[in-house]
Structure formats: C-alpha cells, structure tokens
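Structure, as structure tokens:
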Amino acid sequence: MTDVKMIQKDVRSVVDQLIEEKAITGGLFVIGCSTSEIAGERIGTSGSEAIAEVVFSELKRLEDQAGVKLVFQCCEHLNRSLVVERSVLDQQRLVEVAAVPVAKAGGSMASFAYKHMHDPVLVESIEAHGGLDIGDTMIGMHLKRVAVPLRIPQKSIGHAHITAAKTRPPLIGGARAMYVTQPEEGSCDH
C-alpha cells in the first residue's frame, strides 16, 4: 500500500528546498514524473492518479512562489511531449501536437496535469530554465543549455530518485573573456 501522506511530505520538502535555494525564479520549469517509481514499482507499470494529484498540488506552490510556469513531460509513448498552458504555447511560439495524454499513453502525471490545468495543450518540445526529474524520466532533452545540478538535501520522493536542475547561458571566450555571471566554484566548466 502506498503512503500518500508520506509522498506529500516528500514533495512538500522538495518544493520548500527549491524555493529556499532561490535558484529558480521565473521561466519554464519541466517536471518529469513516474508515479510508478514513487510507489516503488518499475517506471510505466503502476501509474497512480492519487500520487499524481499529491505531486501536482504541491508543485503548484512552486509555480505560485517561484514564479515559474510548470510544464509536465509525457512518457515515451507520446515521444516525451509536454503539457503546457496554451498561453505558454503562444508566448514561446511552441509547436502543438495532436494528442491528449492518458495514463497508459502519456503517463498518470501528465494525464492528471492535462485534466487540471486551465487551458492545456501538448507541445513537441521546449527549452526550460529548470526542471525536476522524479524517477529518472530523462528531462534533459527539454532543458536549455547549460544545465547545472541543484544540490538539494532531499534525494527522493517516495521510492523515486530525484534530480533537480537550473540552466545558465553558456560561457564562451576563454581567459580574456568577461562574463555576466561566473560559474559556481567546483563546477566542471573550464
């Protein structure tokens, strides 16, 4: 039996840590989420709308408090297309795709988001400013260059491994170049 209250506590902790980090302020924030992995099962085998509801409701706080626009990645059966608000599609000039995510084709999280967003559409791809990968769903293809890991203390939601990232502009030039921002100490940028 899945402990939904514990999952909610985990998601709340992750959201609190992302807000406290202040590394994500505005822009698109992609969520890849396997509710099966959260429940301790293999990705794509045990989707749960109850888990999706808890994740969605807690992530809305991130949207409200960090000013990001949440974007939900579908599973590979819909080629990892993304659920966004129509306003995001229009503002970003994204390419709409003709599909509606359902639990078995898109995933429980994307399906739940599609049903509960104001005016949802599916888009082919985005270049997000940050993201949260819950259950190793591979959101990297939807992040802007250059992705930088966010080292938050929370490492899992339920049984699912999590990874968070922000992005920054590429640093180009070399030793004589002047940059708007410097890489964080310990980063692998040269």
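Please treat every number below as a calculation from the coordinates, not as lab data. Predicted model, so just to flag it, every value in this text is computed and none were measured. Note: ideal-geometry Cβ built from the backbone for every residue, glycine included; neighbour counts use all protein chains shown.
Overview of values
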read-out: Average projected area [Cα convex hull, the range 100-164], square nanometres; value: 5.3
read-out: Burial ranking of peptide ranges 88-100, 28-40 (average Cβ count within 10 Å, highest at the top); value: 28-40, 88-100
read-out: Debye, to nearest 20: dipole size of the range 34-190, +1 on Lys, Arg Cβ, -1 on Asp, Glu Cβ; value: 320
read-out: Dipole axis of the chain (+1 Lys, Arg; -1 Asp, Glu on Cβ), positive-most option in Leu171, Ala50, Cys75; value: Leu171
read-out: Peptides 4-11, 129-136 ordered by average Cβ neighbours within 10 Å, highest first; value: 129-136, 4-11
read-out: The range 10-96, dipole about Cα centre (Lys/Arg Cβ +1, Asp/Glu Cβ -1), debye to the nearest 20; value: 260
read-out: Quotient of C-alpha Rg and 2.2 N^0.38 Å, computed over the range 1-101; value: 1.14
read-out: 5 Å-binned pair-distance histogram of the chain (Cα, whole percent); value: 1, 8, 17, 21, 20, 15, 9, 5, 3, 1, 0, 0
read-out: Cα centre as origin, Lys/Arg/Asp/Glu Cβ charges: the range 1-56 dipole, Debye; value: 40
read-out: Average Cα contact separation per residue, the range 4-167, under 8 Å, 6 or more apart, as relative contact order %; value: 30
read-out: Packing-based ranking, highest mean first, of 51-59, 138-146 given that Cβ atoms within 10 Å are counted; value: 51-59, 138-146
read-out: The range 4-167: antiparallel DSSP beta bridges as a percent of all, rounded to 5; value: 65
read-out: Pairs of Lys in the chain closer than 14 Å at Cα, counting only those 8 or more apart or on different chains; value: 5
